[in-house]
1. Which of 60, 139, 73 has the fewest other C-beta atoms within 10 Å, and how do the rest follow up to the most?
2. Calculate, for residue 2 and residue 145, the FRET efficiency according to 1/(1 + (r/R0)^6) with r their C-beta to C-beta distance and R0 41 Å; round to the nearest 0.05.
3. Classify region 56-106 as rounded, prolate or oblate, taking a ≥ b ≥ c as the square roots of the eigenvalues of its Cα gyration tensor: rounded when a/c is under 1.5, otherwise prolate if a/b is larger than b/c and oblate if not.
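The numbers here are math on the coordinates, done by the rules we state, and not lab data. Note that the structure is a prediction, hence the values are computed from the model and not measured. In this analysis, Cβ positions are derived from the backbone assuming ideal geometry, glycine residues included, and neighbour counts consider all displayed protein chains.
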């Protein structure tokens with residue numbers, strides 16, 4: 001960790017310093033967050049170092065910049081200038097307007113903002129059927145969290161719920177033959 005990063009971290013409140021020490025790994029100049037990541041691939045934290053926040057989960061980058069500046073960012077957003085999605089190195093963070101962030105993202109050819117939402121909803125709308133073998137694998141891993149299984153198999157969480165509740169079964173399942181005879 002370089003000197004500028006160490007100095008920036010020492011300016012943070014002790015609760016944030018401890019959280020960064022426990023939940024980051026160093027890779028090159030970046031401090032990679034190993035904690036919670038949002039759907040838009042941004043580091044999240046469940047901390048309230050000021051006592052004023054009503055939100056349980058916040059952007060860690062925003063929390064760090066607000067702590068260093070000593071005031072809220074307002075309508076500005078916190079952006080990692082190195083481009084690494086998990087990076088929370090305070091020296092890599094910069095505040096900018098949403099419009100500037102969108103312009104920067106389009107210049108770099110990356111997706112951010114409403115385009116991410118559009119991409120995620122397009123992925124969600126894409127229907128993918130599970131094979132019989134995949135359904136059996138899901139049933140064998142009944143104790144795993146549904147969202148983890150959904151991400152692994154590339155389907156919606158509700159599809160995993162349908163498999164676990166018995167609404168979606170392998171086609172060569174014993175009961176599917178019974179149902180086929182009853183409906184025929």
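1. Values: 60 28, 139 13, 73 16.
Lowest count first: 139, 73, 60.
2. Values: r = 38 Å, r/R0 = 0.92.
After rounding, the FRET efficiency stands at 0.65.
3. Oblate, since a/c reaches 1.5 and b/c is not below a/b.
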